[in-house]
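Taking it in order: structure first as structure tokens, then the write-up.
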Amino acid sequence: MLTAPSLSYSLLAPMLIVFGGAVAGVLVEAFLAKTHRAAVQLTISLGALLLALQQLWRIRDLSSTTAAVNSVAIDKAGIFLQATVVLLALVAVLLIADQDNFVAQASAVPGSSEEINTLQQKSQQTEIFPLFLFAVGGMMLFPVATDLITLFVALEVFSLPLYLLAGLSRRKRLLSQEAALKYFLLGAYASAFFLFGAAFLYGYAGTISLSGISAAFGTANEVFLLIGIVFLSVGLLFKISAVPFHSWTPDVYQGAPTPITAFMAACTKVAAFGAILRIFYVGFAQSQTLWQPIITVIAILTMIFGSIVAITQRDIKRMLAYSSIAHAGFLLSGVVALNKDGLAASLFYLFTYGFTTLAAFGIIGLVKDSAGEVTDLNRWIGLGKKSPLVAGVFAFLLLSFAGIPLTSGFIAKFAIFSAAYKSGNIALVVVGVLASAIAAFFYIRVIIMIFFTDPVNDSVSVIIPSVKSRISITIATLISIILGLAPSLLLNGADNFANFLR
Amino acid sequence: MSLLTVIGVLPLIGAIILAVVPSKNSELIKKFALGVTLIVAVISILLATGFDKADTKMQYVQSNSWISSFNINYAVGIDGISLVLILLATILLPIVVLATWNESDSGRWGVKSFYVLILALETLMIGVFAATDLFLFYVFFEAMLIPIYFLIGGYGSGNRSAAAIKFLLYSLFGGLLMLASIIGIYVISGNQIGATFDLAQLAILEIDNQTENFLFLGFFIAFAIKAPLWPFHTWLPDAAKSATPGTSVLLLGVLDKVGTYGMIRFCIELFPDASKTFTPLIITLAVISIIYGAFMAIGQSDIKGLIAFTSISHFGFITMGIFAMTSQGMSGANLYMVNHGFSTAALFLIAGWMMARRGSSTISDFGGLQRVTPVMAWTFFIAGMSGLALPGLSSFVSEFLVLVGTYTRYPVAAVIGTLGIVLAALYILIPVQKALQGPTTPGNENLKDLNIREKIAIAPVILVIVIMGFYPKPVLDVINPTSAQVVTNAGFTDPLAQVSK
């Protein structure tokens, strides 16, 4: 006989609210008149996220491993990661609400008369809001899931909407659809690897729960554990775009509509790293001698490869894609560190990196000519002269990516490297600082192009952003600036919340 | 709040006011900047009068928690060494502002941004010498690059953006190596006495030899790039040629001193054993710098390049004095930092006026300036003589102290170093002869002599050069106790003078 599982609704409330908002959004699509949808959808998204945030605040001191029958752990780090995802999503949704970036009808063939018609009717794609909320819900579930099946479900829940969203760009449709297809196919492969690894881990431990796998250490043949870890890692490393599983990143970042790129770049990293941290800190902590060398090598490869290849990029979105690869490498050193400092540093890093990324892509969305966004770096030349404020903010964000002192990126890097040093991974620290030096070059090269070179092409201009984008970019930038000057505001929190329930 | 903090914050407040207040009146902006830097200079002199010379401890200390999770504090304080360098910075700044009144007019972003950058830079310069928290120092050290980068790239001449990025990348590379070392020593302190960035506490750590050597190298390479020491110097000539004269004064006169200051404060005080290990290598590099810089200077046809290479030679002397590990050498090196600051300032500022009038920086374009512009020619002459360490001018005292201090421990290095003085006569006298004496080169007949603003600006510099040449005692009194303390703390005693029998 089956008994109904007991769920702790109060602890699951933040996730339930977001998923509920997503379902409500689908109903709005079905029943509401076209003209009202956009406003209602935005309200639902904002409301759901705000409410979820309020619920997260309410449960901030609670913890439980049995919130959903041993499948979800609500703990300090989990709540911090969920809150990070929700906050980033709140800022991102304002960017997404600028619907000019999205195709009017996704199913229309690019360039067809059908498409032209929908454009003329000014019809808008409002499914993006429920899709977005489903993705956010999945991202909230991923870092708190404690068994392999729930992890897999969460992975798919947030990946599938992203595959769709990536293909919705209004301009450069073919590029966008190509990106979506690539992302989907490679993502499907990665998911298969993840499942394959999960099967091996089940075979090894006889259980799918992370704590069970941890407890089983030493009782069975470690070869199966190693195979399980390796294949599981392939799936996870794909999501954070670590080398050699990174090849989708530049194409997707470039092809996807810029607000979606911003959302994806910021939130996927938080969710995926949250899950990786939990899996390795809780599930595989005992077997660290097995996987630490592998992840260390991958971290080193990722840092160096991302930094070097970024130098050759001529497209700003592709450059930031490679920069995000390099940052994934830096973040991996927090995973390898495997101590409390590493966890706290990773939490801080993910938060600050997320906001800096959102602001940067938000600004990229503002640089346009008559045919749409301009991402070719050569056409950004002299932007500092045309709009000094926007260019100045962008330069600041680049310096933060580069980790110059007095920016949040610097504190994050310092925290994560000192955690790695503390755990004895000195090689990782040395490679990390050298990769940072290489990375500084391409960030600064963009600053040179913007400020030190005279404009040649007059058709590019910075559009005046809508109120929503303006709020979004301002908030994200302010958070970056404040956390650079007074990092204690968040560092102490990250310290307190750096705790996984086992 | 310590008076030190007041001095540090004032320019920043000035920069913010300038940035916020919408004014297009460039004369007013310049006067405001001059006013702020003058006030800071006056307060810093007050600071110096309140300084207890005999006390070798940090004075005017202040410490507030900044980032508590890492035990990072806003901790400042000064001893004799940092006091004179802060004075150097605060006194040179109003002079630079006054001397280069029209320098910013032709820049890429206008007058206002120029002075915002200059004032922000002053805050960072004071901070970098005042910080007694390693992390705070690093923040100032790296943040300082940004205003200089924009000053070179936005207001310089020639291939300015290439020079700016070369400067920035060299410095960032060194800075990041240092960051690895800072993380290292921070973690070690965490294992031994509780994680801290406080310099006094870091100095007592017990670090095993191999680790200490690596940590030392991380710091040393960063400072050798900054100083700059051969073979890390290649960014300097480009930067000095491209920057405006005012920026060059700040770059060579003050900012590069952070390199030699860092060698004393961090390399020697934190890693005395490793310093001992590497001393022979460093002395060799210093001697090479002295000779190499001198020969390159002789070969320069560009007046800014000439001054840049003479500086590389002089930084060789400073580094040699520091790592000779004698109290005379150390005092001499410290005094040299101050004197080099003033004589370089004089050379660059006057060279800047010459170039602005003639529209060329090639030495052979000048000639017979003494007839046309006597004041400009004579001030340049005095600055040049100070550069070649003529007795009676400031550099002589410091060069002498460095050589004496080095001789007692490394006689060979001192003797080769002396060769640098001989070469200095060549690299200064040849251009002096070409540019100032002889018949007036065609095209120079109508050059105007210094105007009243320029005379006011250069007078204090020349005055300092002359007074410090005859009576360096006040400055030495401040420097000596601290210098002796540094040498003693590093575990060295002055070798007895060898008397041949």
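The values are calculated or read from the model by the stated rules, or taken from the named source; none is laboratory data. Worth saying up front: this structure is predicted, and the values here are computed from it rather than measured. Counting neighbours? That spans all protein chains shown, and the Cβs are built from the backbone with ideal geometry, glycine included.
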For this session: Name every residue in the stretch B:1-18 that is over 20 Å from B:LEU98 (Cα atoms) and more than 25 Å from the chain's Cα centre (by Cα), in order of residue number.
Result: B:MET1, B:ILE16
For this session: Select, from A:SER176, A:SER113, the only residue that is in contact (Cβ under 8 Å) with a residue 40 or more places away in the chain and among the hydroxyl-bearing types (Ser, Thr, Tyr).
Result: A:SER176
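Looking at the stretch A:100-123, which of its residues are of a type in the set (A, V, I, L, M) and within 17 Å of A:GLY255 (Cα to Cα)? Walk me through it before giving the result.
So in the stretch A:100-123, the residues of a type in the set (A, V, I, L, M) come out as A:103-104, A:106, A:108-109, A:116, A:119.
Across the stretch A:100-123, the qualifying residues are A:VAL103, A:ALA104, A:ALA106, A:VAL109.
Return yes or no: is A:ILE411 buried (at least 24 other Cβ atoms within 10 Å of the Cβ), more than 9 Å from chain B (Cβ to nearest Cβ) and touching a residue at least 60 places away in the same chain (Cβ under 8 Å)?
Numbers: buried (at least 24 other Cβ atoms within 10 Å of the Cβ): yes; more than 9 Å from chain B (Cβ to nearest Cβ): no; touching a residue at least 60 places away in the same chain (Cβ under 8 Å): yes.
Considered against the rule, which asks whether it is buried (at least 24 other Cβ atoms within 10 Å of the Cβ), more than 9 Å from chain B (Cβ to nearest Cβ) and touching a residue at least 60 places away in the same chain (Cβ under 8 Å), A:ILE411 comes out as no.
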Problem set entry | Qualifying residue in the stretch A:246-253 (condition: in a loop (DSSP other than H, G, I, E, B), in contact with a strand residue (DSSP E or B) (Cβ under 7 Å, 6 or more places away or on another chain) and farther than 15 Å from A:LEU343 by Cβ) | no
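Looking at B:ILE43, B:ILE95, B:ILE29 in this structure, which one is among the β-branched types (Val, Ile, Thr), more than 14 Å from every other protein chain (Cβ to nearest Cβ) and surrounded by fewer than 20 Cβ atoms within 10 Å (Cβ to Cβ)? Can you show your working first?
Numbers: B:ILE95 fails: surrounded by fewer than 20 Cβ atoms within 10 Å (Cβ to Cβ); B:ILE29 fails: surrounded by fewer than 20 Cβ atoms within 10 Å (Cβ to Cβ).
Answer to the selection: B:ILE43.
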Exercise. So which residues in the stretch B:401-458 are farther than 20 Å from B:TRP353 by Cα and of a type in the set (S, T, N, Q)?
Worked result: B:THR406, B:THR408, B:THR418
Exercise. When you go through (1) more than 8 Å from every other protein chain (Cβ to nearest Cβ); (2) of a type in the set (Phe, Trp, Tyr); (3) under 26 Å from B:GLY110 (Cα atoms) one by one for A:PHE452, which number turns out not to apply?
Worked result: (1)
Seminar exercise, completed: Checked against (1) within 13 Å of chain B (Cβ to nearest Cβ); (2) at pLDDT 90 or above; (3) farther than 28 Å from A:ALA299 by Cβ, A:GLY362 satisfies every condition except (1)
Exercise. Taking into account only those residues within the stretch B:116-143 that are surrounded by fewer than 24 Cβ atoms within 10 Å (Cβ to Cβ) and not in a helix (DSSP H, G or I), which is nearest to the other protein chains (Cβ to nearest Cβ)?
Worked result: B:ASP133
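Please return the ranges of helices (runs of 4 or more DSSP H) entirely within the stretch B:391-486 where 2 or more residues are more than 24 Å from the chain's Cα centre (by Cα) and crowded, with 20+ Cβ neighbours inside 10 Å.
Passing ranges, in order: B:411-436.
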Exercise. Residue check, A:LEU406 against (1) touching a residue at least 40 places away in the same chain (Cβ under 8 Å); (2) in a helix (DSSP H, G or I); (3) at the interface with chain B (Cβ under 8 Å from one of its Cβ atoms), all met but one. Which one?
Worked result: (2)
Problem set entry | Selection within the stretch A:365-403 - within 14 Å of chain B (Cβ to nearest Cβ) and part of a loop (DSSP other than H, G, I, E, B) | A:ILE381, A:GLY382, A:SER387, A:GLY403
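Do we find that A:PHE200 is without any contact (Cβ under 8 Å) to a residue 60 or more places away in the chain, buried (at least 16 other Cβ atoms within 10 Å of the Cβ) and under 21 Å from the mean Cα position of the chain (by Cα) in this structure?
So A:PHE200 does not fit the description; no.
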Exercise. Mind checking whether some residue in the stretch B:160-172 is within 17 Å of B:VAL249 (Cβ to Cβ), at the interface with chain A (Cβ under 8 Å from one of its Cβ atoms) and of a type outside the set (A, V, I, L, M)?
Worked result: yes
Exercise. In contact with a helix residue (DSSP H, G or I) (Cβ under 6 Å, 6 or more places away or on another chain) and part of a helix (DSSP H, G or I), is that true of A:ILE298?
Worked result: no
Seminar exercise, completed: Counted residues in the stretch A:414-429 being within 8 Å of chain B (Cβ to nearest Cβ), surrounded by 20 or more Cβ atoms within 10 Å (Cβ to Cβ) and more than 24 Å from the chain's Cα centre (by Cα) come to 2
Problem set entry | Pair list, Cβ under 8 Å, 6 or more apart: the stretch A:52-63 residue more than 15 Å from A:VAL86 (Cα to Cα), other residue of a type in the set (A, V, I, L, M) | A:LEU62/A:LEU11; A:LEU62/A:ILE74; A:SER63/A:ALA73; A:SER63/A:ILE74; A:SER63/A:LEU501
